[in-house]
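Report on one structure; see the data block that follows.
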Amino acid sequence: MKSVFLTVVLSSILIPATLFAQMNGNSFYIGAGGSWSITDSTDPDDSPGANLKLGYHAHHMLDIEFNFDWIDRFEDSESLNILDTELEYQTEMEIMTFMFDLKGYFPIPSDIVRLSVVAGGGLMYADYETRTSVGMIDVTVDDDELDFCGKLGLALDIYAAPSFSIGAEGNYTMGVEDLDDVNYWNFSLGVAYHF
């Protein structure tokens with residue numbers, strides 16, 4: 001009797017989510033989440049951020065997404081003593097990326113848990129502020145750059161309920177040309193609503 005009851009309860013929970021995932025094969029979704037990024041440098045810095053996405057489930061093995069990522073200021077500072085003169089500098093960099101991504105799903109036998117490879121490209125905007133202090137002289141320089149970027153990573157999506165999924169992603173993001181020194185690991189966790 002207990003096994004029959006357990007079977008009925010599990011079926012009532014898992015079957016609707018599975019049927020939803022199968023029926024919702026060609027649909028749009030929108031999502032939001034938070035992120036944590038770590039720079040790829042000899043002295044790593046990390047920073048929080050936010051993510052917004054709009055996606056389309058084009059095929060049972062492929063999603064197309066537009067992603068907006070905002071990363072709060074990466075900070076770096078150093079102090080040197082040259083010929084008894086103290087040299088200090090501090091840089092701050094805020095980043096925004098606008099990318100189109102392809103999510104290719106692994107053929108695992110589950111419609112509730114989905115694992116995918118993510119590859120994308122688009123534009124990166126970086127806003128720099130550098131403060132340099134030499135003895136009693138302080139100089140501040142503001143600059144910004146806009147150029148292309150790309151990313152490659154893995155994503156995991158779990159359908160927690162019909163029309164609702166929880167997603168995690170880890171990717172390596174690379175700037176190119178004027179931003180080729182901006183490279184970082186980006187880890188995000190968010191939720192999505194499927195139309």
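The values are calculated or read from the model by the stated rules, or taken from the named source; none is laboratory data. In this text the structure is predicted, and so the values were computed from the model without any measurement. We place every Cβ from the backbone using ideal geometry, glycine too, and count neighbours over all the protein chains shown.
Below is a table of values for the structure above.
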item	result
Hits in region 135-145 - residues which are loosely packed, with under 14 Cβ neighbours inside 10 Å and either touching a strand residue (DSSP E or B) at 6+ places or on another chain (Cβ under 9 Å) or among the acidic types (Asp, Glu) (or both)	135, 138, 139, 140, 141, 142, 143, 144
When residues of region 44-61 are limited to those that are of a type in the set (A, V, I, L, M) and modelled with pLDDT of 95 or more, the one farthest from the chain's Cα centre (by Cα)	54
Residue list for region 152-187, restricted to those being touching a residue at least 40 places away in the same chain (Cβ under 8 Å), in a strand (DSSP E or B), closer than 30 Å to residue 131 by Cβ and not β-branched (Val, Ile, Thr)	172, 175, 183, 184, 185, 186, 187
Residue check for residue 167: touching an Asp or Glu at 6+ places or on another chain (Cβ under 6 Å) and surrounded by 14 or more Cβ atoms within 10 Å (Cβ to Cβ)	yes
Selection count where residues are over 15 Å from residue 123 (Cα atoms) and either in contact (Cβ under 8 Å) with a residue 40 or more places away in the chain or assigned to a strand (DSSP E or B) (or both), scope region 73-100	19
Of residues in region 154-164 being within 18 Å of the chain's Cα centre (by Cα) and buried (at least 16 other Cβ atoms within 10 Å of the Cβ), the one modelled with the highest pLDDT	155
Scan of region 132-150 for residues that are of a type in the set (Ser, Thr, Tyr) and in contact (Cβ under 8 Å) with a residue 40 or more places away in the chain, ordered by number	132, 133
Sole residue being of a type in the set (Phe, Trp, Tyr), surrounded by 16 or more Cβ atoms within 10 Å (Cβ to Cβ) and either over 17 Å from residue 60 (Cα atoms) or out of contact with any Pro (no Cβ under 9 Å at 6 or more places or on another chain) (or both), chosen from 187, 195	187
Failed item, numbered, when residue 107 is tested on (1) surrounded by fewer than 18 Cβ atoms within 10 Å (Cβ to Cβ); (2) touching a residue at least 24 places away in the same chain (Cβ under 8 Å); (3) in a strand (DSSP E or B)	(3)
Residue in region 66-89 that is modelled with pLDDT of 90 or more and of a type in the set (S, T, N, Q) present	yes
Residue match in region 63-72 (condition: within 30 Å of residue 135 (Cα to Cα), more than 15 Å from the chain's Cα centre (by Cα) and either in contact (Cβ under 8 Å) with a residue 12 or more places away in the chain or assigned to a loop (DSSP other than H, G, I, E, B) (or both))	no
Test for residue 122: is it modelled with pLDDT of 95 or more, among the small types (Gly, Ala, Ser), under 13 Å from the mean Cα position of the chain (by Cα) and assigned to a strand (DSSP E or B)	no
Scope region 58-104; condition of a type in the set (A, V, I, L, M), more than 15 Å from residue 188 (Cβ to Cβ), surrounded by fewer than 16 Cβ atoms within 10 Å (Cβ to Cβ) and in contact with a strand residue (DSSP E or B) (Cβ under 8 Å, 6 or more places away or on another chain); matching residues	58, 61, 62, 64, 80, 87, 102
